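Here is the structure we will look at, set down as structure tokens.
The values are calculated or read from the model by the stated rules, or taken from the named source; none is laboratory data. In this text the structure is predicted, and so the values were computed from the model without any measurement. Because the Cβ atoms are built from the backbone with ideal geometry, glycine has one as well, and the counts that use them run over all protein chains shown.
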Amino acid sequence: MAGSQWELPPELCCRPMAFVALTGLDVVYNAVHRAIWDAFCANRRADRVPISFKVLPGDHEYPKCRTKRTSYEWYIPKGILKTGWMNKHLNLVPALVVLFYELDWDDPQWKEKQSECATKVEIVRTSLQGRNTKVAVVLIQKKTPLPPGEDLVASERAAALCNACDLSGKSLFVLPHTDHLVGYIIRLENAFYEHAQTYYYTEIRRVKSHKEFLNKTTHQLLFVRHQFKIAFFSELKQDTQNALKYYRTAYSLVHELRAHETNMLEIKTMAGFINYKICRLCFQHNTPLDAIAQFRKHIDLCKKKIGSAELAFEHTAWMSKQFQSFGELFDEAIKLGLTAIQTQNPGFYYQQAACYSQDRKLQAQQLCQSGVSLPTPDPLETPTGGLDFYGQRPWRQGHQSIDPPDPEKEKAGILALQIKERDVPHSELIIALLSNAVAQFKKYKCPRMKSHLMVQMGEEYYHAKDYTKALKLLDYVMCDYRTERWWGLLTAILTTALRCAYLMANVKDYITYSMELLGRASTLREEQKSRIEKNLIKVLMNEVPDAEPECDPSSSTAAASLWNDRMALAGSNDFTIEVQDYVPFIQCKARFQSPSFHVDQPIQLQVFVRADCPHPVRFNKLAVSLSNQEYNQWCVVESSGQENMCLSPGATRCYNFSFVAKTEDVGKKIEMTGIEVMLGSETGRCVFLSWRGAGGDAASTHEALQAIRSLRHRGRGTEGRQELDWDSLTIQHSTMIISRVPKISVQLSHQPPALNNEMYCINFTVQSQEEAVARDVKLTAGLKPGQEANLSHTTYVTLNSSKVCDDSDPALLPDIPLGDLNPGEKMERCVYVKCVSTGQRVFLFHVAYTIDTTVEGQQINCKCHKDETVNIETVVPFEVSVKFVSTKFEPLDRVAVDIPFLLMTDLLSSSPWPILLATSSLQLVTMTSKTAQLHSQLEQVVLQTGECASECFCLQCPPVANSSNTVATGQYLISWRSPLVQTAVTLPHVILETVPLYIHAELPSFGRVRESLPVRYHIENRTALVQEVEMAVEPSDAFMFSGLKQVRLRILPGSEQQMLYNYYPLMAGYQTLPQLNISLPRCPTTNTHTLRRFLPQRIFVKVTHKHFEVCIYTLTSGSTVTWYRISDDFSTAVLTDLKLVRQHPPTLTSIHNVWHKKFFLSRMT
Amino acid sequence: MAVCIAVIAKENYPLYIRSVPTQNELKFHYTVHTSLDVVEEKISAVGKAMADQRELYLGLLYPTEDYKVYGYVTNSKVKFVIVVDSSNTSLRDNEIRSMFRKLHNSFTDVMCNPFYNPGDPIQSKAFDGIVSGMMVQPS
Amino acid sequence: MADEALFQFLHNEVIQYIYKSAEGGETENGRNITKLENMGFRVGQGLIERFTKDTARFKDELDIMKFICKDFWTCVFKKQIDNLRTNHQGIYVLQDNKFRLLSQLSAGKQYLEHAPKYLAFTCGLVRGSLSNLGVKSIVTAEVSVMPACKFQVMIQKL
């Protein structure tokens, strides 16, 4: 009974279902009966009516019905609810007994069988004497029945059978065992269910009818009992709403009972039962808040009903059970679809249940003294082996008055209960409840609650002396408290863990926990730390530590012997403890003095160690592991008997190490991979505290952060005292080994910008400042890699100045050997660069060499290098623009076949310094030059920035065979600079046109006032037809003329006509020539206008023949202005300029080159 | 009147915990620590909450058999937790609120103290005094 | 009114002091800016604790930024931020068209090169405030025409 005393009876916890007994079925030997029974049992899902079936023999004895009480006047109830009652109505007293009987309507022995059936019914009826249980008969038939009403025999015999058995027609059923058995069975059981409903309805009425006989003074217990019964019957009837109502009434009635020490248990037990039923129904009705409210009310009402102080543990056990059951109900409801929340989930109830179980354990420990033996006879034994009423004492069952009937018996009973309680496995119960709670809190996102419960579990295991499990749990949650920095809680957990480790004599754990309890995160008082440290020292010396306080003496004794065994055990006395994730009492931080070291410098690193424990600690070795293990040998310090390996509390010690890096490690990173501090000694125990990386522990990051923030406040003070502030020490866990600083100077001289396509010279000078010979000097020069991809295709580098670079030259010249360089020696080289495209480029000059040097007496051979980069912009040297004009200098948008025109080029210098043009030429494709010019006009011309050099070519285009009307012109080649760079400019295409008639005039370049000016017009017919031409000369104010004023003439295909006119100028200056009107009647597309463009419009008329004239033309091209002074007869022209003055033999074309903007005339004397 | 008052840092470690000396201090530490589960949940749900549910006072965090635990979070995510004895039914919500207001005011003063480094444990005498005034007086 | 002037004068003097006291040493401009920024950080930490004492809990990051632009700015600089923009990926640009601490300097380009030191404290102020509200950030300022000023807040996700 002990442990399970508080378990709720299963008949209370189940869902009550109508009980129907089936008799007359032989399920063992009769296959048909078996099949019928199986059909009743199988697939009882929610859609089937809730009935609990049981097969009973036909002569089964049902519980006897007590004779009905006629009066309650003298009746004094002995308790609230009999222990057997619920079971009786669930499993023993059926609502309906069904008699199965094999009988077909046309059975030959009908008479006999009918009476046999009647007898069987009678037997059942007799056994149920006094009960309202219904009886029904099911005839198992082989034949399929006919539709109702058709089988006259059947209805007649059915009526007869009913009569014989004293059955109503509704209670007789037929079950043909044919194909549709399950269907028949379902119809049958639905009918049974109706009968059962009626039965429970009458039962409820029956119980209700008692009420009028009861009085409030003596029958209070009966009020509760009756309400409970009505509620229970309602449940059997599946009327849960009413059931809930009656249970609630029952619940309030149970609390109205006068409670005293003797009946307290009974009241609480019943209250617990009814509460359970109410909560269960509330959850079932999906009103969880009602369930919770009821439960809270229940707890508030019962919390203080402790009962006998000597049995206080009984109350807490009961409370625990209340919470546990509610938690289970809640949990079950969740499984059926209820949603719980973080602050209202079953976990809280399990937790509280565990909490009461813990109280129970404490009370049991206080109240149940050991060593007392069970009194005889056992007062807990009852003659029936159980109780008559729920919640009563075995030694005084049915006793309802305030005082116990026999004080002696009472005492013995209490003692017996206490003795029983001693054997309860409290810890097991507590752990089970906690573990339930943990599962819930995990589900409802309460990690901290979960950790807290796990701590409690761990502590409970500790109390249960299962230290391994205790440590496992405690160890698991410790880190949560550590990362959240709840030091108080961590210390408490560590303290328990230390006790476990001590009691198990687990050396490593003992050291680990001690180490943290001594550390700065521990909130223990100094004297406790002092005790722990002394113990730790003992353990390090392979001695037995003192027992932890609060361990019970017997366990401590056992532990001491375990420790002694450990001590005797040789070997396995080395322990390595990874302390990084703890907050150990020795702190360690290390740093390289610099994030990088040159290979010719010794690498320096510092290790800071500090102890936080109350007494000084000795250690024997400090070793740093580095990523390259070859260096480890330089970073070890071992004690050799001196004082220096001792850490005073709170003081920081610094150990400096330095070593020379290997030359092959240049460019590599050296990392600290770990630091080890060895405590103890080889003779005793060795403990290696091991830090990963460069030290630090679980708390140091946060401390460092806080230190940075508060630095401002402390700042000044600590600086003065030169004392290290531990928290602001920063870790530098790696360093780069970089190459030796080169002692050479590299200079680059050049004159930017570079011009496109030119051979740009960069002067490179290297001078050694080394004290030894720099051997094997190599230069890598050219375009710095990693720039825009197409730059490498448009850049060429060479050392050869004699020829222009081409595609075969690389963009970067690697490893040009320069030989050795003596101290102080200087070396020069010219590097030529040709950039084919414009833009910014970075050029790299990388000088590498090797040199021997010594570091700390060690001879090393170092590679040094120095990089120099230079950013050079490439610009275009000049821009070339080209235009086509007619011989009259009018811009042409198309060119006429076989008619000369002019190509004019302008070369505008954009170079920041003068450009020497070597020569220029045209490379024509289809066109031909009209002038036999071989000599470039630009030869040896030097152009300043912004200056322009122009040329003019007279060209003519022959007819082109192909149909397209555009024609390629060719290229304009300019050679410049030295060494000669040739720039080719592709000339634009021109559009060709053919003209039917070409007219051009032949006239002097100027006229003189009142002197004859002969003009000959040539008119060519370029068509294959005879052309008729009408010509007329319009009169002009500036000229008189002689010749045909108006003429009509015919020109044969391909031939030419000439017309001669003698013009006689009347005015000086530029004069418009008389207009010529030409029309081609046969060719209307060609009019005067289109033809007139070939003719000059104006002519310059001079005043007199004899005078010397000077005209100054202003040539404007772009922004440059050049002055030309030209003599009157065009025999010589002098070109004057501020920068260059040189002879320029003018030709007709070159003079035409001049753009007449304005001019003036002056007479010279 | 409170049986335990705690101030918890943004990162959830304690800046200040004070409990009545008559009872197990550790138990209060655990109570405060576990209440952070609820606080965290309430803070993380703030985005979805309506404006009226976004006040600094978080209300009753969770009831245990013995204590009621109330929470409050400043905009700087510093949490105040007040633990009240369950039997103390006379205490109204408004009184709890005003206790938190007082705490917050005093905490703000602590934050503005040039000698206080945010994130360090609170050792202010003034703050201590305010807290003492709200604690159950040992009788 | 007086407190406003007081703050400006004090701010100016702090800058003067920091720069004067550093003149002797080799400390460069960057260090002084950092010093001012750190001062602002600590002040922001405390200030925001006071300012947010009576406000509801912030809904999200944007809610916090709005508070900085409105309430916080008004309390410190007697006006609101004129424009707040964000890329919704942790960058906020706060534009003040007439920033208080620059408004006493002559407008235009004359003292443009000195602007950074008059903004460092405020950058720290914003960073400290945000940090205390649990938002780690980098705050920078930009001036093109005085006294308009843009503060850029870059949130650092954890």
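Is it the case that some residue within the stretch A:419-426 is surrounded by 20 or more Cβ atoms within 10 Å (Cβ to Cβ), in a helix (DSSP H, G or I), at pLDDT 90 or above and within 60 Å of the chain's Cα centre (by Cα)?
yes
Would you confirm, using the coordinates I've provided, whether A:SER325 is within 14 Å of chain B (Cβ to nearest Cβ) and either surrounded by 18 or more Cβ atoms within 10 Å (Cβ to Cβ) or under 22 Å from A:ILE430 (Cα atoms) (or both)?
no
When you check B:LYS42 against the structure, is it within 13 Å of chain A (Cβ to nearest Cβ) and either touching a Ser or Thr at 6+ places or on another chain (Cβ under 8 Å) or at positive phi (or both), yes or no?
no
Criterion first (closer than 30 Å to A:ARG187 by Cα, modelled with pLDDT of 90 or more and in the same structural domain as A:GLN114 (by TED's automatic domain parsing)) does A:ALA18 satisfy it?
Taking the combined requirement at face value, the residue satisfies it.
State the number of residues belonging to the stretch A:582-599 that are among the hydrophobic types (A, V, I, L, M, F, W, C), part of a loop (DSSP other than H, G, I, E, B) and under 18 Å from A:LEU518 (Cβ atoms).
Number of matching residues: 2.
In the stretch A:495-523, what count of residues is obtained for those that are within 13 Å of another protein chain (Cβ to nearest Cβ) and touching a Ser or Thr at 6+ places or on another chain (Cβ under 7 Å)?
1
Any residue at all in the stretch A:367-386 that is part of a helix (DSSP H, G or I) and buried (at least 21 other Cβ atoms within 10 Å of the Cβ)?
There is no residue in the stretch A:367-386 that is part of a helix (DSSP H, G or I) and buried (at least 21 other Cβ atoms within 10 Å of the Cβ).
Right, B:VAL110: away from chain C (no Cβ under 14 Å), among the aliphatic types (A, V, I, L, M) and in contact (Cβ under 8 Å) with a residue 12 or more places away in the chain or not?
no
Give me a count of the residues in the stretch A:427-453 that are within 14 Å of another protein chain (Cβ to nearest Cβ) and surrounded by fewer than 22 Cβ atoms within 10 Å (Cβ to Cβ).
5
What strands (runs of 3 or more DSSP E) lie completely within the stretch B:1-110 and have 2 or more residues being closer than 19 Å to A:TYR481 by Cα?
So the answer is B:2-8, B:14-19, B:79-85.
When you scan the stretch A:1021-1044, do you find a residue that is part of a loop (DSSP other than H, G, I, E, B), among the basic types (Lys, Arg) and more than 23 Å from A:ASP898 (Cα to Cα), even just one?
The answer is no; no qualifying residue exists.
Looking at the stretch A:549-576 only, could you name the residues that are under 48 Å from the mean Cα position of the chain (by Cα) and within 13 Å of A:ASN506 (Cβ to Cβ)?
A:SER572, A:PHE575
Which condition does A:ASP290 not pass, out of (1) free of Cβ contacts under 8 Å to residues at least 24 places away in the same chain; (2) among the charged types (D, E, K, R); (3) surrounded by fewer than 16 Cβ atoms within 10 Å (Cβ to Cβ), if it passes all the others?
It is condition (3) that A:ASP290 fails.
How many residues does the stretch A:936-975 contain that are touching a residue at least 60 places away in the same chain (Cβ under 8 Å) and among the hydroxyl-bearing types (Ser, Thr, Tyr)?
3
In the stretch A:740-750, is there at least one residue being among the hydroxyl-bearing types (Ser, Thr, Tyr), modelled with pLDDT of 85 or more, assigned by TED's automatic domain parsing to the domain that holds A:SER658 and under 30 Å from A:ASN861 (Cβ atoms)?
No, that holds for no residue.
In the stretch B:95-106, what residues are charged (D, E, K, R) and within 14 Å of another protein chain (Cβ to nearest Cβ)?
Hits for the stretch B:95-106 are B:ARG97, B:ARG101, B:LYS102.
Say whether the condition of being part of a loop (DSSP other than H, G, I, E, B), farther than 30 Å from A:ALA136 by Cβ and more than 60 Å from the chain's Cα centre (by Cα) is met by at least one residue in the stretch A:289-309.
yes
Residues in the stretch C:120-145 that are of a type in the set (Ser, Thr, Tyr) and either in contact with a Pro (Cβ under 7 Å, 6 or more places away or on another chain) or at pLDDT below 90 (or both): how many?
1
Being in contact with an Asp or Glu (Cβ under 8 Å, 6 or more places away or on another chain), modelled with pLDDT under 85 and not assigned by TED's automatic domain parsing to the domain that holds A:ASN965 is the requirement here; does A:ARG1048 meet it?
no
Taking the condition away from chain C (no Cβ under 11 Å) and surrounded by 17 or more Cβ atoms within 10 Å (Cβ to Cβ), does B:VAL73 pass?
no
Looking only at the stretch A:401-417, decide whether some residue is more than 14 Å from chain B (Cβ to nearest Cβ), in contact with a helix residue (DSSP H, G or I) (Cβ under 9 Å, 6 or more places away or on another chain), within 26 Å of A:CYS355 (Cα to Cα) and of a type in the set (Lys, Arg).
So far as the stretch A:401-417 goes, no, none of its residues is more than 14 Å from chain B (Cβ to nearest Cβ), in contact with a helix residue (DSSP H, G or I) (Cβ under 9 Å, 6 or more places away or on another chain), within 26 Å of A:CYS355 (Cα to Cα) and of a type in the set (Lys, Arg).
What is the residue count in the stretch A:352-385 for residues that are touching a residue at least 60 places away in the same chain (Cβ under 8 Å) and of a type outside the set (A, V, I, L, M, F, W, C)?
4
Within the stretch A:982-1005, count every residue that is over 25 Å from A:PRO1084 (Cα atoms) and surrounded by fewer than 19 Cβ atoms within 10 Å (Cβ to Cβ).
Matching residues across the stretch A:982-1005 total 10.
Please work out which one of (1) among the charged types (D, E, K, R); (2) more than 23 Å from C:SER131 (Cβ to Cβ); (3) within 14 Å of chain C (Cβ to nearest Cβ) is the condition B:ARG92 fails and give its number.
Answer for B:ARG92: the failing condition is (3).
Being more than 14 Å from chain B (Cβ to nearest Cβ), among the polar types (S, T, N, Q) and in contact with a Phe, Trp or Tyr (Cβ under 8 Å, 6 or more places away or on another chain) is true for just one of A:GLN342, A:GLN363. Which residue is that?
When all the criteria are applied, what remains is A:GLN363.
Taking B:LYS125 and the conditions (1) within 14 Å of chain C (Cβ to nearest Cβ); (2) over 30 Å from A:ILE299 (Cβ atoms); (3) charged (D, E, K, R), which numbered condition does it fall short on, given that it satisfies the others?
Result: B:LYS125 passes all but (1).
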